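Report on one structure; see the data block that follows.
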Amino acid sequence: MKNRDGRKKTGRSATITPRDDAIMLALFFCRYLSTAQLAILFFNSKSAARRRLAELANKGYLEPRSLYATMPTWDRRGKRENVWHLTKQGFEMVAESLGLDDERYVPKQLGQEGAIHHVKTAEVYVAAKADLDEILGPYPAWNWEHEKRAQDSYRYSGRLMGHQPDAHVRFADHLFVVERQTRQSRIGPKAIDDKVSTHATYARVRLDEPDKMDMIFACDDRRVAELAERAGKRYGVDVIAGSVEHIAYYLYQSALRLAPEAGESSRVR
């Protein structure tokens with residue numbers, strides 16, 4: 001690792017701590033996380049998070065972007081926040097440590113809307129991580145896959161179908177398909193119905209054991225949650241819908257229920 005003037009860093013300036021590794025691992029899984037989210041996960045305060053994240057950026061592992069967490073309107077100022085992602089160097093270091101040599105860094109970053117949607121979706125990750133780590137153990141005992149990693153394609157009735165959820169959570173041979181609907185999404189009944197329908201088709205066609213997939217909708221608006229639950233009944237699948245905290249609690253309960261199976265699974269391997 002070198003300084004900006006080309007000289008190699010030595011001593012404390014080159015030190016990477018276990019917490020630094022955990023921060024970069026979280027960014028590898030989620031792609032984008034805000035300063036506030038990283039502070040919740042790894043620090044005692046937002047100011048401590050800012051200092052260390054700035055140091056990791058100076059080391060060349062992370063980069064910040066100032067984005068609107070809340071967009072401005074004619075009667076309200078927007079709220080900007082630093083959103084962090086891995087640099088090529090940071091990404092490759094994490095991928096190598098995980099043995100994921102086929103993972104390739106994408107230098108082109110998402111725009112405002114796409115990056116903030118990742119941050120909003122990652123609210124579920126932030127809310128659930130501590131409990132899942134405690135019950136199941138850290139990665140690879142459970143895994144979070146951001147939108148791009150969660151995508152899949154398959155053929156059904158002669159057509160190429162796309163599976164494009166907001167994220168996946170995987171543990172104990174179980175798949176949790178995550179959809180994140182914020183209050184700003186303004187999603188309508190048909191769009192919700194379509195999401196549930198396509199995920200139900202994916203479970204039946206693509207998965208060997210469809211009953212090992214749950215659909216979870218993290219919604220800021222209770223009306224959206226109710227529409228998702230109704231759509232689930234219409235298509236004969238269980239849909240768990242509610243606030244981010246409700247979804248995190250459901251994942252916690254699922255981990256408790258499936259933890260013995262996870263233990264047996266890890267022993268077999």
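The values are calculated or read from the model by the stated rules, or taken from the named source; none is laboratory data. Note that the structure is predicted; figures quoted are calculated from it, not measured. Cβ coordinates were reconstructed from backbone atoms using ideal geometry, including for glycine residues, and neighbour counts include every protein chain displayed.
Residue-wise test of (1) more than 23 Å from residue 176 (Cβ to Cβ); (2) under 15 Å from the mean Cα position of the chain (by Cα); (3) assigned by TED's automatic domain parsing to the domain that holds residue 247.
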residue	(1), (2), (3)
30	no, yes, no
50	yes, no, no
90	yes, no, no
93	yes, no, no
129	no, yes, yes
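Please determine whether any residue of segment 181-202 is surrounded by 13 or more Cβ atoms within 10 Å (Cβ to Cβ), part of a strand (DSSP E or B) and touching a residue at least 40 places away in the same chain (Cβ under 8 Å). Within segment 181-202 (the criterion being surrounded by 13 or more Cβ atoms within 10 Å (Cβ to Cβ), part of a strand (DSSP E or B) and touching a residue at least 40 places away in the same chain (Cβ under 8 Å)), the answer is yes, since at least one residue qualifies. Of the residues in segment 185-196, at least one is modelled with pLDDT of 95 or more and closer than 24 Å to residue 29 by Cα. Within the option set 209, 226, 245, being modelled with pLDDT of 95 or more, surrounded by fewer than 17 Cβ atoms within 10 Å (Cβ to Cβ), farther than 18 Å from residue 167 by Cβ and not hydroxyl-bearing (Ser, Thr, Tyr) holds for one residue only, 226. Residue-level check: of (1) in contact with a Ser or Thr (Cβ under 8 Å, 6 or more places away or on another chain); (2) more than 21 Å from residue 172 (Cα to Cα); (3) not in a helix (DSSP H, G or I), residue 231 misses just (3). Applying the selection to segment 20-34, what residues are assigned to a helix (DSSP H, G or I) and within 13 Å of residue 118 (Cβ to Cβ)? Once the filter is applied, which keeps residues that are assigned to a helix (DSSP H, G or I) and within 13 Å of residue 118 (Cβ to Cβ), segment 20-34 yields 26, 27, 28, 29, 30.
In a strand (DSSP E or B), in contact (Cβ under 8 Å) with a residue 60 or more places away in the chain and closer than 24 Å to residue 149 by Cβ, is that true of residue 241? It would help to see each step written out before you state the result.
On the way: in a strand (DSSP E or B): yes; in contact (Cβ under 8 Å) with a residue 60 or more places away in the chain: no; closer than 24 Å to residue 149 by Cβ: yes.
The answer is no for residue 241.
Quick check: anything in segment 154-162 aromatic (Phe, Trp, Tyr), more than 26 Å from residue 252 (Cβ to Cβ), touching a helix residue (DSSP H, G or I) at 6+ places or on another chain (Cβ under 8 Å) and not in a loop (DSSP other than H, G, I, E, B)? Yes, the conditions are met somewhere in segment 154-162. For segment 59-67, does any single residue satisfy the condition of being within 16 Å of the chain's Cα centre (by Cα), loosely packed, with under 13 Cβ neighbours inside 10 Å and at pLDDT below 95? No: zero hits.
Going through segment 49-58 one residue at a time, which ones are surrounded by fewer than 17 Cβ atoms within 10 Å (Cβ to Cβ) and farther than 18 Å from residue 126 by Cα? Break it down into steps so the answer makes sense when it comes.
So the first thing to find is which residues in segment 49-58 are surrounded by fewer than 17 Cβ atoms within 10 Å (Cβ to Cβ), and the list is 50-51, 54-55, 57-58.
Matches in segment 49-58: 51, 54, 55, 57, 58.
Within segment 84-115, how many residues are part of a helix (DSSP H, G or I), within 30 Å of residue 186 (Cα to Cα) and in contact (Cβ under 8 Å) with a residue 60 or more places away in the chain? Number satisfying all stated conditions: 1.
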